[in-house]
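Colleague: Sharing a structure here in structure tokens format.
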Amino acid sequence: MNAPDLSLSRLIAAQPPLEKLVIACVLAESQRVGAQPLIRGLGPASFSMLCATCLAGLELDNGTAPAPVFDEFDELFELLVEHAAPLDQMSLWLAAAIATAAQRDNHLWQDMGLPSRRELNAILRLRFPGLAVLNVGDMKWKKFFYRQLCQSAGVPICKSPTCGVCVDHAECFGPEH
Ligand code: SF4
């Protein structure tokens with residue numbers, strides 16, 4: 001059986017709201033890189049409802065591969081949920097989608113299959129405003145998330161007391177092209 005057509009142009013045409021576009025992009029990128037599950041942390045009923053809501057009834061298989069044991073999916077999912085507003089089903093799906101993509105190796109907007117960082121900024125401000133507003137210096141989102149997690153756990157990751165004098169400044173704040 002051929003894989004469903006998840007081309008970006010089709011998804012954008014079919015799903016104008018930003019939340020649905022973001023979910024569809026993450027699904028398409030997960031499918032492109034062969035990730036399973038496509039979005040982690042969702043039971044079969046929740047994933048089926050996600051497809052019905054965000055893909056206009058197009059049914060996908062989320063996959064059954066076991067999740068890696070050692071990564072930060074759970075912590076990042078919880079951080080996002082803690083700041084979700086509103087805390088509804090869509091925010092839970094988005095938190096799972098973002099935390100799934102964040103375990104990959106590129107810039108977060110790329111790992112989510114988004115057209116640019118603008119859509120990532122927009123969805124975080126729209127659905128996780130209390131977290132997005134804390135990124136006052138426009139830090140790269142993955143760096144920002146992990147800094148938040150480390151601060152909550154009381155684990156220092158920074159080599160300098162302030163970002164302006166830090167040798168890792170370019171890592172945390174450089175352009176994300
Ligand atoms: S620039 Fe340095 S001090 Fe600032 S968040 Fe990054 S690692 Fe920490």
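Colleague: For the stretch 127-138, check the following and say yes or no: at least one residue is surrounded by 13 or more Cβ atoms within 10 Å (Cβ to Cβ), β-branched (Val, Ile, Thr) and more than 15 Å from residue 39 (Cα to Cα).
Modeller: There is no residue in the stretch 127-138 that is surrounded by 13 or more Cβ atoms within 10 Å (Cβ to Cβ), β-branched (Val, Ile, Thr) and more than 15 Å from residue 39 (Cα to Cα).
Colleague: Does residue 147 fit the bill of being farther than 21 Å from residue 25 by Cα and under 17 Å from the mean Cα position of the chain (by Cα)?
Modeller: yes
Colleague: A further question on this structure: Only one residue in 82, 119, 72 is surrounded by 13 or more Cβ atoms within 10 Å (Cβ to Cβ), away from the ligand (no atom under 16 Å from the Cβ) and over 23 Å from residue 18 (Cα atoms), so which one is that?
Modeller: Residue meeting the stated conditions: 72.
Colleague: Another one. Which members of the stretch 115-152 meet the condition of being closer than 18 Å to residue 177 by Cα and among the aromatic types (Phe, Trp, Tyr)? I'd like the intermediate steps shown before the answer.
Modeller: Of the stretch 115-152, the ones closer than 18 Å to residue 177 by Cα are 115-122, 137-144.
Scanning the stretch 115-152 gives 141, 144.
Colleague: Please verify whether residue 59 is under 16 Å from the mean Cα position of the chain (by Cα) and surrounded by fewer than 16 Cβ atoms within 10 Å (Cβ to Cβ), treating the condition exactly as stated. Walk me through it before giving the result.
Modeller: Working: under 16 Å from the mean Cα position of the chain (by Cα): no; surrounded by fewer than 16 Cβ atoms within 10 Å (Cβ to Cβ): yes.
Answer is no for this residue.
Colleague: Residues in the stretch 154-163: is at least one more than 10 Å from the ligand (Cβ to nearest atom) and out of contact with any strand residue (DSSP E or B) (no Cβ under 9 Å at 6 or more places or on another chain)?
Modeller: Filtering the stretch 154-163 down to residues more than 10 Å from the ligand (Cβ to nearest atom) leaves 154-155.
Next, only the ones that are out of contact with any strand residue (DSSP E or B) (no Cβ under 9 Å at 6 or more places or on another chain) stay: 154-155.
Checking the stretch 154-163: at least one residue is more than 10 Å from the ligand (Cβ to nearest atom) and out of contact with any strand residue (DSSP E or B) (no Cβ under 9 Å at 6 or more places or on another chain).
Colleague: Looking at the stretch 58-78, is at least one residue of a type in the set (A, V, I, L, M), out of contact with any Lys or Arg (no Cβ under 6 Å at 6 or more places or on another chain) and modelled with pLDDT of 95 or more? Step through it out loud before you land on a result.
Modeller: Of all residues in the stretch 58-78, those of a type in the set (A, V, I, L, M) come to 58, 60, 65, 67, 69, 76.
This time we only want the ones that are out of contact with any Lys or Arg (no Cβ under 6 Å at 6 or more places or on another chain), so: 58, 60, 65, 69, 76.
Filter again for modelled with pLDDT of 95 or more, leaving 76.
So far as the stretch 58-78 goes, yes, one or more of its residues are of a type in the set (A, V, I, L, M), out of contact with any Lys or Arg (no Cβ under 6 Å at 6 or more places or on another chain) and modelled with pLDDT of 95 or more.
Colleague: Those residues that are in contact with a Cys (Cβ under 7 Å, 6 or more places away or on another chain) and either more than 8 Å from the ligand (Cβ to nearest atom) or acidic (Asp, Glu) (or both), I need them from the stretch 138-153; list them, please.
Modeller: Applying the first criterion (in contact with a Cys (Cβ under 7 Å, 6 or more places away or on another chain)) to the stretch 138-153 yields 139-140, 143.
The answer is 140, and nothing else.
Colleague: Kindly list, by first and then second residue, each pair from a residue in the stretch 134-151 that is over 15 Å from residue 101 (Cα atoms) to a residue that is within 11 Å of the ligand (Cβ to nearest atom) and aliphatic (A, V, I, L, M), limited to pairs with Cβ atoms under 7 Å and residues at least 6 apart or on different chains.
Modeller: 147/157; 150/157
The values are calculated or read from the model by the stated rules, or taken from the named source; none is laboratory data. Please read these numbers as outputs of a predicted model, since none were measured by experiment. Backbone-built Cβ (ideal geometry, glycine too); neighbour counts: all protein chains shown.
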